[in-house]
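To start, I am sharing the structure in question, which I have written as structure tokens.
The values are calculated or read from the model by the stated rules, or taken from the named source; none is laboratory data. No experiment lies behind these values; they were computed from the predicted model shown. As a convention, Cβ positions derive from the backbone with ideal geometry for all residues, glycine included, and neighbour counts pool all protein chains shown.
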Amino acid sequence: MTGDEACAEGALAAGCRFFGAYPITPATEIAEHMSIRLPEVGGTFIQMEDEIGAMASILGAAWSGRKSMTATSGPGFSLMMENIGLGVVTETPCVVVNVQRGGPSTGLPTMTGQADMMQVRWGSHGDYEIIALAPASAQEIFYLTITAFDLSETYRTPVFIMTDEVIGHMSEKVVIPEAAAIKPRTRPKPKGRKDRFLLYKPDKNGVAPMPAAGQGYHVHVTGLTHDEKGYPVMAVEAQEQMMARLTRKILDNRADIIRTEGQQLDDAEIVLVSYGISARTSRAAMVQARARGMKVGLLRLITVWPFCENQIRELSERVRGFVTVEINLGQVHLEVQRCAGARAACHLVGHAGGTVITPEQVIAKIEEAF
């Protein structure tokens, strides 16, 4: 099946029972698949009037107790940003899929890109931390969609799947295990008296359990700065406390959230850093470079945000340099540079979108730079 179809099947396996979206290339196939499959499992599919409404709909569905998801691409992702901020501040678990294409604006609707990586990190206004995953195959997008739902429930936050047009439209073998083999995370239920419930009082892991509307809890949900009850409080102290909770629940758990895959790193002098379809190009480049006697390794980012800062810093102490491979003009490359500092040279193989980077382009950069 295609990556888009595998994403939809992963969502169903994770327990997603609400999907609200607006059609947009190259993510439409996710919506089409969900429109057929969700009614078969007792779920709800709604095509909204636009992506603003789509993001709002999955937030509302999450507060009703449903696991919810939407899927879009660049222009739609831009429209979602205000409500993504609302999801962050109200600590609403949901999943947002961005099948990236070339931009900005309408750009290249049917051609690939990876230029929304900084937008997903900083696209909504204000300070916040997010979780974003980058699958590199149809099989992986199936499992990472399940992971995204589990992370959203664990940390009470929107979680993003940053795929791309090639992964979304490429047809590959996907093994879907028996339902009994998949154990998606259920939402932790609040304890104690419902009339004295504190909606945003964190547990030991820094995350507050979330009730569903209709369960009898007294809740107040707002996008304004609020206290542990959820009531608006226009004060610097309240902002500090709220922001500490929103950021620390991600930052303090980075070791459990961040996933990377390293290949041939033990003796590597040059490390390729990549994700998504570009990581597959990078792996081919690594194999070819090794055959030519170059000690090249690959660090594949499965979790792009939070960024694997410590791993880059550790590698920078012993390698000659990094080559970031991505279909943009250097968005994640900037993070590699920041973490490597002056300890190792950093170079980019990237372009503005439309085509997949070739292994030959990566090898040419290695030979030129080192």
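Return a yes/no flag: does the range 96-104 have any residue that is assigned to a helix (DSSP H, G or I), crowded, with 21+ Cβ neighbours inside 10 Å and at pLDDT 95 or above.
Checking the range 96-104: not a single residue is assigned to a helix (DSSP H, G or I), crowded, with 21+ Cβ neighbours inside 10 Å and at pLDDT 95 or above.
Within the range 321-339, count every residue that is surrounded by fewer than 24 Cβ atoms within 10 Å (Cβ to Cβ), within 13 Å of D116 (Cβ to Cβ) and touching a Gly at 6+ places or on another chain (Cβ under 8 Å).
2
Determine if the range 159-181 includes at least one residue that is on the phi > 0 side of the Ramachandran plot, at pLDDT 95 or above and in contact with a helix residue (DSSP H, G or I) (Cβ under 9 Å, 6 or more places away or on another chain).
Within the range 159-181, not a single residue is on the phi > 0 side of the Ramachandran plot, at pLDDT 95 or above and in contact with a helix residue (DSSP H, G or I) (Cβ under 9 Å, 6 or more places away or on another chain).
Next up: When you go through S68, S78 one by one, which is the residue that is under 17 Å from the mean Cα position of the chain (by Cα) and surrounded by fewer than 23 Cβ atoms within 10 Å (Cβ to Cβ)?
S78
Given M234, M210, M242, which one is closer than 26 Å to G15 by Cα and of a type outside the set (S, T, N, Q)?
M210
Could you list, in sequence order, the residues of the range 235-249 that are part of a helix (DSSP H, G or I) and out of contact with any Gly (no Cβ under 9 Å at 6 or more places or on another chain)?
V236, E237, A238, Q239, E240, Q241, M242, A244, L246, T247, listed by residue number.
Suppose we filter the range 146-176 for residues that are out of contact with any strand residue (DSSP E or B) (no Cβ under 6 Å at 6 or more places or on another chain) and either β-branched (V, I, T) or part of a loop (DSSP other than H, G, I, E, B) (or both); how many remain?
12
For the range 296-318, enumerate the residues that are of a type outside the set (D, E, K, R), farther than 22 Å from I277 by Cα and either surrounded by fewer than 20 Cβ atoms within 10 Å (Cβ to Cβ) or within 19 Å of the chain's Cα centre (by Cα) (or both).
Scanning the range 296-318 gives a single hit, N310.
If you go through the range 288-321, how many residues are assigned to a helix (DSSP H, G or I) and either free of Cβ contacts under 8 Å to residues at least 60 places away in the same chain or of a type in the set (K, R) (or both)?
10
Now a separate question. Only one of these conditions is not met by Q337: (1) without any contact (Cβ under 8 Å) to a residue 24 or more places away in the chain; (2) under 16 Å from T281 (Cα atoms). Which number is it?
Here Q337 meets the rest and fails (2).
Take A238 and tell me if it is surrounded by 14 or more Cβ atoms within 10 Å (Cβ to Cβ), under 30 Å from T112 (Cβ atoms) and of a type in the set (G, A, S).
no
If you don't mind, another one. What pairs can you find where one residue is in the range 106-131 and not assigned by TED's automatic domain parsing to the domain that holds T303 and surrounded by 17 or more Cβ atoms within 10 Å (Cβ to Cβ), the other is part of a helix (DSSP H, G or I) and small (G, A, S), and their Cβ atoms are less than 7 Å apart, with a gap of 6+ or different chains?
That search, which allows pairs on different chains as well, returns G107/G74; Q114/G276; Q114/S278; D116/G74; S124/G85.
Then there's this: Applying the selection to the range 226-256, what residues are free of Cβ contacts under 8 Å to residues at least 24 places away in the same chain and over 24 Å from the mean Cα position of the chain (by Cα)?
Y231, P232, V233, M234, A235, V236, E237, A238, Q239, E240, Q241
Taking into account only those residues within the range 187-227 that are closer than 19 Å to Y128 by Cα and of a type in the set (S, T, N, Q), which is surrounded by the most Cβ atoms within 10 Å (Cβ to Cβ)?
Ranking the qualifying residues of the range 187-227, first place goes to T225.
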